[in-house]
1. For the chain, with the dipole built from +1 on Lys and Arg beta-carbon atoms and -1 on Asp and Glu ones, taken about the Cα centre, which of THR218, ASN140, TRP151 lies farthest toward the positive end?
2. Using amide H atoms built in the peptide plane, which far-off residues or other-chain residues are under 5 Å from PHE206 H to H?
3. Could you state the angle between the C-alpha long axis of helix 47-61 and the longest principal axis of the C-alpha atoms of the chain, as a value from 0 to 90 degrees rounded to the nearest 10?
4. Which of the peptides 199-209, 104-114 is most tightly packed, and how do the rest follow, judged by the mean count of other Cβ atoms within 10 Å per residue?
5. Grab the Cα-Cα distance for GLU159 and ILE43, subtract it from 0.36 nm times how many residues apart they are, and report the gain in nm with one decimal.
6. Please find the FRET efficiency linking HIS193 to ILE87, where r is the Cβ-Cβ separation and R0 is fixed at 41 Å, and quote it to the nearest 0.05.
7. Nearest 20 debye, what's the magnitude of the dipole of the stretch 2-96 about its Cα centre given +1 on Lys and Arg Cβ and -1 on Asp and Glu Cβ?
8. Whole-Hz Karplus ³J(HN,Hα) for the stretch 193-206, in order, using 6.51 cos²θ - 1.76 cosθ + 1.60 and θ = phi - 60°, x for Gly and Pro?
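The numbers here are math on the coordinates, done by the rules we state, and not lab data. Fair warning: this is a prediction, and the values are worked out from it, not measured in the lab. Counting neighbours? That spans all protein chains shown, and the Cβs are built from the backbone with ideal geometry, glycine included.
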Amino acid sequence: MERKKIGLYAIIVAFVLGAILISHIIAMTTFTNFGFFTSIICIFGILPALLIGFVIFLFLLKTRFERFINKKNIIIVGIILAAIIIIPAIYNYYDVVPPKEITNNWQCEAGQNITNYITGMDIHYDTTYGFKSGDFVDVNGYVMENNSFLWEYDESSKEIIIKERNMNYFNEQKHDGWALTLKLDIKLVENSHYEMTTHYVTDTNFSLFNATLFDGATWTGSLIWDFQGR
């Protein structure tokens, strides 16, 4: 009977390996470097944990808890372990990957005061590193020099926080430049492109032009890459 119950551990292994595969796929769709990182965690973390778990399982078979080790309970344990592995990956995906309608080449519609300073802004999401960046485009159609930015989007408030980018790649979290908060009203037009209206919320030391010109400005978007969001 004990030998037969040892085989039940294979059910736990199946649940865990299946959950690892699913979480790895989710990680790869979050950004590819994160998928590589999770692969290392699986090899050096979860798989050794399965070996330790097997030792604990053998120990339990020799105790009074042996009577609780049956197929039904093993399946319940497998489901719990799978959920523990998969749920953080899902949460991270929705926390990191922005809605795809945000990541566009946004062109200012003609006849607005803001077009005296810029003709558009590009909002990017890097699917390799999970990096959110962007640029303002000047009236000549060129990216404005030294005015690249980082951004974060809050889906609940529909607000985007744009911060001047520190060009030192290893010091992106340090911020001592300008910042701008806009509320975005985005809609899909006839399944072909997005249109957006920006509403000015607040700014800190925004020096490119009068930031209130963003208030009520209208934009037309086109996707930059095949996939830049969810």
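1. Positive-end residue among those listed: TRP151.
2. ALA179
3. Helix 47-61 sits at roughly 30 degrees to that axis.
4. 104-114, 199-209
5. Working it through step by step, the gained length comes to 37.8 nm.
6. 0.70
7. 620
8. Karplus values, whole Hz, x for Gly and Pro: 7, 9, 10, 9, 10, 9, 10, 5, 10, 6, 8, 10, 6, 6.
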